[in-house]
1. Pull out the extension gain between Glu285 and Ala186, defined as 0.36 nm times the separation in residues minus the alpha carbon to alpha carbon distance; nm, one decimal.
2. Just the number please: accessible area per residue for the chain, 1.4 Å probe, all protein chains included, in Å².
3. Karplus couplings for region 30-35 from phi (6.51 cos²θ - 1.76 cosθ + 1.60, θ = phi - 60°), rounded to Hz, Gly and Pro as x?
4. Figure the gain on full extension for Gln318 and Asp39 (residue separation times 0.36 nm, minus the Cα-Cα span) and round it to one decimal in nm.
5. Please report, in debye to the nearest 20, how large the charge dipole of region 147-225 is about its Cα centre when each Lys and Arg carries +1 at its beta carbon and each Asp and Glu carries -1 there.
6. Among [x] 21.7, 85; [y] 24.4, 86; [z] 39.3, 145, which one is Rg and Dmax of the Cα atoms in Å computed from these coordinates?
7. Probe radius 1.4 Å, ligands and nucleic acids ignored: give me the carbon and sulfur share of the accessible area of region 244-369 as a rounded percent.
8. Could you state the angle between the C-alpha long axis of helix 2-27 and the longest principal axis of the C-alpha atoms of the chain, as a value from 0 to 90 degrees rounded to the nearest 10?
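The values are calculated or read from the model by the stated rules, or taken from the named source; none is laboratory data. Since we're looking at a predicted model, the values are computed, not measured. Cβ coordinates were reconstructed from backbone atoms using ideal geometry, including for glycine residues, and neighbour counts include every protein chain displayed. The protein model used for the area step is the full one, side chains on, heavy atoms only, and it has no ligands, DNA or RNA in it. Shrake-Rupley method; radii C 1.70, N 1.55, O 1.52, S 1.80 Å.
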Amino acid sequence: MARRLLVAALAVVLTLLTALTAARAATDPSSWHHVPVPDPVRPQAALNEAVAFGPDRAWAVGAVGREAPGFPLVLRWDGTAWHDQILPGIGWQGELLSVAATSPTAVWAVGRDAAGGARLLRFDGTAWSASRPPAGVALAQVVAGGGEAWLIGSRDGTQVLLRRDGNRWQEVPVPPGSVYGLHIKAADDVWAAGATDAGAAVSHWNGQAWQQTIVDGFPRSAVGSVLAVSATEVWAGGTAGFVGGPPGRPIPPLLVRFDGQTWNRVPVPADFGSVSSLAASSSGELAWVAVARSQKWGPPGSTPPLVPGPDFLAWNGQSFTEYGEPAVAGEGESRTLRLAPVPGTETVWSVGRADGPEGTFAPRVLRFG
């Protein structure tokens with residue numbers, strides 16, 4: 001009897017220690033931890049992007065539904081938990097692809113419905129409502145910064161950029177090639193990440209015209225994220241080019257930096273993967289690099305030859321510190337990692353989709369700080 005009581009007591013102690021360890025990990029500001037989403041949006045849901053205004057205010061968008069194409073999903077962070085948001089009058093099937101804001105009362109989300117039609121939503125500080133998208137434009141992304149809101153889309157197979165001008169969307173010339181991401185500092189100071197037939201390209205808009213630079217001339221290279229710290233420090237990330245190889249061959253990540261004169265490649269501690277997002281610190285400096293599907297070569301002769309690489313890289317101005325995403329019970333790794341820094345703090349969110357059980361997928365929300 002005494003022995004059984006001792007074993008039971010030890011079991012209780014171990015349970016408490018496990019719970020305390022998990023709680024400590026979830027609140028440790030020096031590590032990434034998983035933040036759960038509301039049960040009704042699990043397990044078949046995905047998040048595409050997020051935007052934060054402060055410690056108690058953030059939005060994330062995506063899609064939810066056990067069968068494609070699902071329904072648009074909007075989650076809101078209140079400082080304690082994520083909550084599923086009601087979208088009155090919005091009953092179409094499809095997904096929300098991107099979210100951005102010029103202020104807490106001017107939040108934009110773009111998406112597409114099951115028929116491929118463009119959808120544009122706006123939050124005015126009280127409720128979400130449908131807004132009329134630009135005619136004939138399929139929307140892919142909304143980007144905000146410097147009091148500006150821009151849209152990336154296409155019309156009849158040709159890329160389109162639009163800038164919010166008062167109460168209307170005004171078209172802006174598009175640099176050569178394709179644009180995959182923007183960083184907006186002001187109406188006359190916009191950086192675009194993309195690709196041309198000549199390789200990965202970064203372009204700068206001065207309010208009148210684009211000036212484009214090929215930042216990596218290897219075939220098939222491209223950059224999708226750009227972060228302008230100043231006129232003499234600009235970062236861009238994506239995938240490096242490659243030639244040949246079997247279908248599904250891993251692709252190396254690409255990170256480049258502009259010093260005011262030239263663009264130079266910056267080594268990252270991952271052999272394969274894609275730089276999917278860049279995030280700034282509260283002072284505007286580069287703070288984080290997300291590497292989706294990161295892999296490294298394992299020791300010689302190891303099976304399999306590749307091992308997981310870092311999912312997040314923290315930049316201190318001189319070097320990177322590597323972080324992996326935390327394991328989540330019943331789920332696999334993230335397929336996408338999209339960063340959203342919290343203004344005025346060193347906290348940063350990452351949202352995306354993870355592999356779920358039996359071929360499903362699950363929404364993934366992580367936080368550092």
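1. Using 0.36 nm per residue and subtracting the Cα-Cα distance, I get 33.9 nm.
2. 48
3. 9, 9, 7, 9, 7, 10
4. Values: separation 279, 0.36 × 279 = 100.44 nm, distance 4.14 nm.
Extra length from Gln318 to Asp39 when fully extended: 96.3 nm.
5. I would put it at about 140 debye.
6. Evaluating Rg and Dmax of the Cα atoms in Å on these atoms matches [x].
7. Taking all protein chains in place, region 244-369 shows 54 percent carbon and sulfur surface.
8. Orientation of helix 2-27: about 10 degrees from the principal axis.
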